Amino acid sequence: MTEADRIFDRFPPFIREYIFTHSWENLRGVQIAAARTVFDTDHHLLLTSGTASGKTEAAFFPILASLYEAPAASVGVLYIAPLKSLINDQFGRMEELLQESGIPVTHWHGDVSASHKRRLLETPSGILQITPESLEAMLIRRSNDMVRLFGNLRFVVIDEVHTLTGTDRGNQIQCQLSRLARLIGHQPRRIGLSATVGDPELAAAWLAGDSNIPTDVPRFSAENLRWRLGMEHFFFQNADPEQADDQKTADPEKTAELDAGYEYMYDCVKDKKALVFSNSREETEYLTATFRQIAERRREPDVFLIHHGNLSAALREDAEMKMKDEDTRAVTCATVTMELGIDIGRLERVLQNDAPTSVSSFLQRLGRSGRRGQPPEMMMVFREEDPLPNTPLPQLIPWGLLRAIAIVQLYIEERFIEPPREKRMPMSLLLHQTLSQLASGGELSPRALAERILSLPPFRAVSKEDYRTLLVSMLNHELLQMTEEKGLIVGLAGERLLGSFQFFAVFKDSEDFTVRAGDREKGSAEEIGTITTPPPVGERFALAGRVWEVEELDVRRKLVYVHPVLGKMEVSWPGDYGEIHTKILQRMQKILQEDTVYPYLKPNAAHRLAVARHLAQNTGVTDHALLHLGGSTWCLFPFLGTRSFRTLRRFLAANARELGISGIEFDGCYYITFHMEGDREDFLYALAPLLARGMDCEALVGPAEMPLFDKFDPFIPGELLRRAYATDRLRPDEALAFLQSLVEEG
């Protein structure tokens, strides 16, 4: 008997029937490996294999077999996912799998009805699918009931692990699992799932947390790459800037026809079931409106949907349902919200507007297409403003095109995926978990509180002195209160924070206005989504790929009532576009240096790259990191990732006077320009002694700076914020190595 046969025989009838129904001729390698760990060991398990490789079934088949053989006396399996939509999708798939098993499955998040949740509370059993925020609410509000609900918990499954490692949300899950294990008196086994983990050993250590249980990481043979991949490039010319802001009088037909890039993108997805990814909500909105504009001009049907985090749940779910429908030819323009593993059936194509920021994101997006035996298919399209004769050298380089090629080549050549990031001083989460612990467990002495909190995995690097500083500040601001017995409890300001459902989430949320359209007098005003800053009555804004005119503002209730109008506008939300790894920048430099012909480049893109290579090689960009651009303007091309580039920029600014430079400017993490009256030798002569002193990151953060990034940062003392910024957002080793190589180059 083969190992696959042995494992198959251990599966209960309902799983075997599921396998037969789906016409699986044999178990896949990932399914055999998962069953081996679950059946034959007591270890944790990290499953890392490609999108649509059957990871979810691989994890759940042996888990459910164990649960079927010996039913749990409480919730037996806890499934944690970062998105409500992912939970909804998995809930439907689990219901189908468990139909004949007698094992119940419950999904639990903010959009699920109270009656559905009540059934689980009355009879805790089976599988609970939940978001980190809802689990936090349980720990706080139902702390006395956790043993009844989870006392016999066997497994915790964490989906999309790559989105969680090194983030406050992922660290929150680590805290939750540690606190839950303390309450129920044992460590449930953990299973992590991801298609794109860069360093499996680091991810496995994150998954294990403080459980002291080994984590198995099965290895699979490298997949044969079968992609349909293309990249194309277009120049566009901006309209007269004096007329650009007049959105109401712009000629939509002329605007669309002037931009060949948008027309090409439209043709790429015309008559196909496709996803169109952009790197921001702004780009997604504008692209959706443009596609609808082109369709109207061509007198073709509007099949364009939109999906991002500021849209109403109804609009997002409508897009998901239409994409799942096999008979619907729809095109959805989306952000990262459609990047994760929601099953939307077989896509014919993925279109990427500009370059993704990471290899991981590229693979996730590419993997949305090509399911059910077909190779994944992606087209990337780059639009760039037609340069003027006086455009500076750094702006003549097609950075987006280079980044896309570098991302693809790094995976083809090295199977490189960005390793998990680590956050050593998550101060916002530290404050959050301090309040959560006291709210759920009641009064603790400062020493006992420190022992509980600082022993949680995310806070191992936080010193007792820094935690004391935080506690004193929380007392001063009435987030905490000291009792007569010298114990700590939640203070009045802390109670106000805990009183809002928004407390449970550790990611930053803005005080957005809800947008409604329709007849509000009849109570039929439909929710469209949210915006951060509403315009005055009579003015217009874009949302859901359409333009709306404000009818009424209800500032107290944060409501905006609107009606639709024709046209297209730009829109903006606060936020950043993620970090870029140094290896991507270094590969971009190599692309400029080599003469390799990449088969996936279409004619315009190939020509644009050839021109960029010629320019870079003739001007010295490929050979010299410091270039004179003329007059007193100089430029550095460090080819460093986001954190190292940020460190370099701060180092130059902190030592600008000694280096004799001023007017420092930069673009992304591609180049830094500055003014200098001296020459190259003067700069390097001044730089050498500075490097001999080393690079102190804390000294690069100004004493008056308040680096507010995370949700509860406004409540954190400035000295801790500055230290956390220096620790977690700066990287001195690569910046220092670059400057030393510059000095050695002479």
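The values are calculated or read from the model by the stated rules, or taken from the named source; none is laboratory data. Note that this is a predicted model, so its numbers are computed, not measured. Positions of Cβ are generated from backbone atoms using ideal geometry, with glycine treated the same way; all protein chains shown enter the neighbour counts. Keep in mind that these areas ignore ligands, DNA and RNA; they rest on the heavy atoms of the full protein, side chains included. Shrake-Rupley method; radii C 1.70, N 1.55, O 1.52, S 1.80 Å.
Going toward the positive end of the dipole of the chain, with +1 on Lys and Arg Cβ and -1 on Asp and Glu Cβ, which of P536, T2, F712 do you reach last? Farthest towards the positive pole: T2.
Among L86, M138, V75, which residue has its Cα furthest toward the positive end of the charge dipole of the range 1-155, with +1 on Lys/Arg Cβ and -1 on Asp/Glu Cβ? Positive-most Cα among the choices belongs to M138.
What net charge do the residues around E201 carry, taking every other residue with its C-beta under 14 Å from that of E201, with Lys and Arg at +1 and Asp and Glu at -1? Once positives and negatives cancel, what remains is -2.
Dipole size of the range 1-114 about its Cα centre, with +1 on Lys/Arg Cβ and -1 on Asp/Glu Cβ: approximately 240 debye, rounded to the nearest 20.
Find out how many positive minus negative residues lie around G491, taking Lys and Arg as positive, Asp and Glu as negative, among other residues whose Cβ is under 14 Å from that of G491. Taking every Cβ under 14 Å from that of G491, the sum is -2.
Of the residues Q593, P564, H581, the one whose Cα sits farthest toward the positive end of the charge dipole of the range 547-620, with +1 on the Cβ of Lys and Arg and -1 on the Cβ of Asp and Glu, is Q593. Taking Cα centre as origin and charging only the Cβ of basic (Lys, Arg, +1) and acidic (Asp, Glu, -1) residues, the dipole magnitude of the range 681-746 rounds to 300 debye. Sorting the segments 667-673, 54-60, 188-194 by their residues' average number of neighbouring beta-carbon atoms within 10 angstrom, most packed first, yields 188-194, 54-60, 667-673. Here D519 sits with roughly 60 square angstrom of accessible surface, probe radius 1.4 Å. Residues of the range 446-462 falling in the label zone of D210, defined by backbone nitrogen less than 15 Å from a point 7 Å along Cα to beta-carbon, are 447-462.
As a calculated quantity, the FRET efficiency between L396 and A653 at R0 = 22 Å, using C-beta atoms, amounts to about 0.30.
Over all other residues within a Cβ to Cβ distance under 12 Å of D267, the charged ones net out to 0, with Lys and Arg as +1 and Asp and Glu as -1. Rounded to the nearest 500, the helix-only mean residue ellipticity at 222 nm of the chain stands at -12500 deg cm²/dmol, with each DSSP H run of n ≥ 4 adding -39,500 (n - 2.57). One Cα centroid belongs to the range 48-99, the other to the range 120-175; the line between them spans 14 Å.
Computed in the context of the full set of protein chains, the accessible area of the chain at 1.4 Å probe radius has 48% of its extent on carbon or sulfur.
Which FRET efficiency, nearest 0.05, do T123 and E539 yield, Cβ-Cβ r, R0 56 Å?
Given R0 = 56 Å and the Cβ-Cβ separation, E is 0.60.
Could you tell me what % of all Cα pairs in the chain have separations over 33 Å?
The proportion of pairs with Cα distances above 33 Å equals 58 percent.
Give me the accessible area per residue for the range 581-636, probe 1.4 Å, as a whole number in Å². Here the residues of the range 581-636 average 46 Å² of exposed surface.
Here the chain is assigned +1 on the Cβ of each Lys and Arg and -1 on the Cβ of each Asp and Glu. Its dipole about the Cα centre then comes out at about 1820 debye. The relative contact order of the chain, computed from alpha carbon pairs under 8 Å that lie at least 6 residues apart in sequence, is 12 percent. Cα centroids of the range 491-563 and the range 328-406: 31 Å apart. Of the residues E451, E443, E339, the one with the largest accessible area comes first in the ranking E451, E443, E339, computed with a 1.4 Å probe on protein heavy atoms.
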